[in-house]
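Note sheet for the following structure.
The values are calculated or read from the model by the stated rules, or taken from the named source; none is laboratory data. All figures in this text were calculated on a predicted structure; none of them were measured in a lab. Note that each Cβ is placed from the backbone with ideal geometry, even for glycine, and that neighbours are counted across all protein chains shown. SASA here: full protein model, heavy atoms, side chains in, ligands and nucleic acids out. Shrake-Rupley method; radii C 1.70, N 1.55, O 1.52, S 1.80 Å.
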There are 2 protein chains.
Amino acid sequence: MPGRAPNKRRLGVDERRAELLELGLELFAAASYETLSIDAIARAAGISKGLLYHYFPSKRDYYTATVRLAADRLLNATLEATESDELPPLELLQRGLSAYLDFVERHGQTYATLLRTGIGTDPEILTVIEGTRDAFVDRLAERLGLGHEGQGPLLRLALRGWVGFVEVTSLSWLSENTISREVLAELMSETLVATLSAASLKSPQVTDLLTPDSSIE
Amino acid sequence: MPGRAPNKRRLGVDERRAELLELGLELFAAASYETLSIDAIARAAGISKGLLYHYFPSKRDYYTATVRLAADRLLNATLEATESDELPPLELLQRGLSAYLDFVERHGQTYATLLRTGIGTDPEILTVIEGTRDAFVDRLAERLGLGHEGQGPLLRLALRGWVGFVEVTSLSWLSENTISREVLAELMSETLVATLSAASLKSPQVTDLLTPDSSIE
DNA sequence: GCAACTATTGAACATCAGTCAATAAGCCTC
DNA sequence: GAGGCTTATTGACTGATGTTCAATAGTTGC
């Protein structure tokens, strides 16, 4: 067993699975799905191909599990930052964006694995991506106090579009760091405020939320 | 030759290639890349596997070519609608959005094939997608008169993010038609105006562009 | 030490992408 | 119409890759 650590002859189920998922994040970020063979993965993990199949029913399931892990991590990172009930909505938004961009900065490969477009259309991957967007939309609606009134298809779509805005700008920022993080965060938050305004929500929470901010100079 | 039309024994190179690309758009929209085998494609086309390889060096090249076709079609559809030099920027924007949403409505599968997330990360697909976004950003900058001054990284990023906004909202709208097309178009255009404002561009062109619109009621 | 459970293995198998020598279709010239 | 040339087309074959599974080995409890 060339790649196997001598003290890791046999691991517990949870430990091995977690180890494989971490490795999956790295490997799938560094090579295209097609060119990364099961042989190469098993070698990198220091295990047999058969063992990989003991843990994941197929290559695609292995990949899906890693994408799901990336999504959970992103969601959790931003959840922790926005759990306070004592702060005004805009402050919560700033915190959430800060945590989001922290994640982008520190876990760039994970983020890219989650959101970079690959070959073809796969229903399960789509489910993970769309589920992540849904979770962000729900959370935004709740944290910004839009959870109880004035909520409807247009609001959800506006929030969803904004999540897309954040994704695309974050990916661009990740690969070309041409503006500062603060400027990016402010662009994101002002765009959110604006798109909600465009969606014309007149409830008190949104009115408060839409208090003018100074523009980026 | 079970699937072969009797009058199609031998086609010209261009004709056959075009036929295969059209078929590719359908097939790749309907099934995941992995589950769609070369055998199935050849059968659907009424040709041999070898012939498929005569036209495309690999399965992946075949797929990439279909995605590129989808992108070109989208770009061309919106280009034609926005070629007039006599209209004000906001009118051009409305025309462009109208053409874009026409495309989404009429060629939903093509659009989804272009933008739906699939398995893994593939550099060539990424190049097509990002190239399409770049083309839209360039075109927007030019048509909105932002091509000569006040242009910079922040502007490009804002425009780029907005393209992401349009993509995500269009995909959602495609699968859940919960708001009218007019409302969607207005949300898109107001969000563009707002994000440009947030990017704080003060040139005369942008000031004109930022003339207040009435909100969506 | 033995039995039971299960993580682990690697050879075998199945499937699929890709190859290539041979054939057939279509066009042009005589 | 026949023959020659070009090249679209074929289908059997090959090799790589994903998947399977009987056998083995590690660990725990008695």
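Summary of values
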| read-out | value |
| --- | --- |
| Region A:147-174, subset open to solvent by 30 Å² or more (accessible area, probe 1.4 Å) and more than 9 Å from chain B (Cβ to nearest Cβ), residue modelled with the lowest pLDDT | A:Gly150 |
| From A:Leu25, A:Leu75, A:Leu93, residue being more than 24 Å from B:Lys59 (Cβ to Cβ), part of a helix (DSSP H, G or I) and modelled with pLDDT of 95 or more | A:Leu75 |
| Exclusive hit being within 16 Å of DNA strand D (Cβ to nearest atom) and either under 30 Å from A:Lys59 (Cβ atoms) or out of contact with any strand residue (DSSP E or B) (no Cβ under 9 Å at 6 or more places or on another chain) (or both), set B:Arg10, B:Arg68 | B:Arg10 |
| Given (1) in contact with a helix residue (DSSP H, G or I) (Cβ under 7 Å, 6 or more places away or on another chain); (2) without any contact (Cβ under 8 Å) to a residue 40 or more places away in the chain, index of the condition B:Leu171 fails | (2) |
| Hey, B:Leu20 aliphatic (A, V, I, L, M), within 26 Å of B:Arg133 (Cβ to Cβ) and either in contact with a strand residue (DSSP E or B) (Cβ under 8 Å, 6 or more places away or on another chain) or in a helix (DSSP H, G or I) (or both) or not | no |
| Sole exception among (1) touching a residue at least 24 places away in the same chain (Cβ under 8 Å); (2) more than 16 Å from DNA strand C (Cβ to nearest atom) for B:Arg106, by number | (1) |
| Filter result (open to solvent by 30 Å² or more (accessible area, probe 1.4 Å) and of a type in the set (Ser, Thr, Tyr)) within region A:28-37 | A:Thr35, A:Ser37 |
| Every residue from region A:38-59 that is open to solvent by 30 Å² or more (accessible area, probe 1.4 Å), near DNA strand D (Cβ under 6 Å from one of its atoms) and part of a helix (DSSP H, G or I) | A:Asp39, A:Lys49, A:Gly50, A:Tyr53, A:Lys59 |
| Qualifying residue in region A:70-93 (condition: closer than 21 Å to A:Leu36 by Cα and in contact with a helix residue (DSSP H, G or I) (Cβ under 8 Å, 6 or more places away or on another chain)) | yes |
| Test set (1) away from DNA strand D (no atom under 14 Å from the Cβ); (2) in a helix (DSSP H, G or I) - B:Ser84 fails condition number | (2) |
| Checklist (1) touching a residue at least 24 places away in the same chain (Cβ under 8 Å); (2) more than 8 Å from DNA strand D (Cβ to nearest atom) applied to A:Glu15, failing item | (1) |
| Count - residues of region A:185-197 that are at the interface with chain B (Cβ under 7 Å from one of its Cβ atoms) and either assigned to a loop (DSSP other than H, G, I, E, B) or surrounded by 23 or more Cβ atoms within 10 Å (Cβ to Cβ) (or both) | 3 |
| Conditions (1) more than 12 Å from DNA strand C (Cβ to nearest atom); (2) closer than 22 Å to A:Leu126 by Cβ; number of the one not met by A:Ala40 | (2) |
